Amino acid sequence: MTMSVDRWFKPSKGPTTTQLDLADPTVADPTEAHATGDHLLLLVPRREGQIADICQGKELPAMRDRITRTTCPAEFR
């Protein structure tokens, strides 16, 4: 998946475009498909084997606030 990045949270800086090798959510549930241009908050764990999570719509403000206020435990860095 190739994504344009409007804002980085953790880390605070990164490229304006990034490519990620993620599972396609539509394989499990076609209703979870995202269209080109959708605004998403993608949570990508650093630890291998963990599943990425996506927030969108009304979930975005609360999740952005949670991310910026939270300090990750050392084992998750």
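Put a dot 7 Å past the Cα of R64, heading toward its Cβ, do the same for R46, and the two dots end up 2.4 nm apart. Residue-wise HN-Hα couplings along region 7-20, as the Karplus relation 6.51 cos²θ - 1.76 cosθ + 1.60 with θ = phi - 60° gives them from phi, are 8, 9, 10, 9, x, 7, 9, x, x, 6, 9, 9, 10, 10 Hz; Gly and Pro carry x.
Values in this text are rule-based calculations from the coordinates and carry no lab data. As the structure is a prediction and not an experimental result, all values here were calculated from the model. As a convention, Cβ positions derive from the backbone with ideal geometry for all residues, glycine included, and neighbour counts pool all protein chains shown.
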